[in-house]
Amino acid sequence: MILTDAEILAAMDRGEIVVDPYDRDCLGTNSYDVHLSKHLATYCERVLDARKHNPIEHFEIPPEGFVLEPQINYLGSTIEYTETHATVPFLEGKSSVGRLGIDIHATAGKGDVGFCNYWTLEISVKQPVRVYEGMPIGQLIYFLVEGDVLTSYDKKGSAKYNGKSPLPVESMMFKNDF
């Protein structure tokens with residue numbers, strides 16, 4: 001079941017959902033709009049290795065915007081810091097963003113109960129497109145969970161993305177045993 005605007009507000013009042021900064025105008029019928037921060041990153045190497053740490057280079061979107069290019073994997077982040085303690089958050093791109101040919105996540109659109117952080121975006125584009133800090137980039141949809149959660153993400157020892165950071169975070173795949 002997806003939370004409605006009224007249920008999102010009630011969950012916020014109970015402290016089960018946190019959005020900071022919060023803007024009532026960003027609350028939709030059953031979602032909350034999030035925005036692109038000024039922080040972007042790209043990998044330093046062209047060939048990435050899943051078993052090794054792949055460093056990234058951070059940079060900021062200038063006031064005149066930044067042109068994203070096809071064939072480059074950009075990492076971005078949301079302006080909003082979020083917490084979800086009783087629901088599963090899903091981040092989906094806004095339709096206006098998709099119509100510009102921008103994908104905001106390759107595979108990681110679902111968070112976990114207990115996810116407390118800024119969202120790292122896995123951005124790719126179909127053709128060159130100029131983006132700006134603060135532009136609406138996605139929407140969070142909250143799903144109810146059924147049953148008890150034994151270990152929330154923020155308490156999970158093996159969680160690789162618990163370090164609070166407004167900067168995009170590179171893949172931590174190399175921390176897995178395989």
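Points worth noting:
- Residue check for K164: at pLDDT below 95, surrounded by fewer than 14 Cβ atoms within 10 Å (Cβ to Cβ) and over 28 Å from G28 (Cβ atoms): no
- Residue list for the range 124-138, filter: surrounded by 17 or more Cβ atoms within 10 Å (Cβ to Cβ) and either free of Cβ contacts under 8 Å to residues at least 60 places away in the same chain or more than 13 Å from L36 (Cβ to Cβ) (or both): S124, V125
- Criterion applied to E133, E122, E92, E170 was being assigned to a strand (DSSP E or B) and farther than 26 Å from E7 by Cβ, and the one residue passing it is E122.
- Hits in the range 23-47 - residues which are surrounded by 10 or more Cβ atoms within 10 Å (Cβ to Cβ), over 20 Å from the mean Cα position of the chain (by Cα) and closer than 23 Å to G101 by Cβ: none
- Residue count for the range 8-22, restricted to those that are within 17 Å of F143 (Cβ to Cβ), charged (D, E, K, R) and surrounded by fewer than 15 Cβ atoms within 10 Å (Cβ to Cβ): 1
- Flag for V88 being more than 19 Å from V131 (Cα to Cα), of a type in the set (V, I, T) and either surrounded by fewer than 17 Cβ atoms within 10 Å (Cβ to Cβ) or touching a residue at least 12 places away in the same chain (Cβ under 8 Å) (or both): yes
- The residues of the range 90-109 that are within 14 Å of Y74 (Cβ to Cβ) and among the β-branched types (V, I, T), listed by number, are V97, I102, I104.
- Among the residues making up the range 48-85, a single one is among the hydrophobic types (A, V, I, L, M, F, W, C) and either on the phi > 0 side of the Ramachandran plot or without any contact (Cβ under 8 Å) to a residue 24 or more places away in the chain (or both): F59.
- Of the residues in the range 138-158, none is assigned to a loop (DSSP other than H, G, I, E, B) and within 16 Å of the chain's Cα centre (by Cα).
- From the options H58, H53, residue that is closer than 30 Å to Q127 by Cα, not acidic (D, E) and not in a strand (DSSP E or B): H53
- Residue list for the range 108-119, restricted to those being in contact with a Pro (Cβ under 7 Å, 6 or more places away or on another chain) and either farther than 23 Å from A11 by Cα or not in a strand (DSSP E or B) (or both): G111, F115
The values are calculated or read from the model by the stated rules, or taken from the named source; none is laboratory data. Just so you know, these numbers come straight off a predicted model, no measurement behind them. Because the Cβ atoms are built from the backbone with ideal geometry, glycine has one as well, and the counts that use them run over all protein chains shown.
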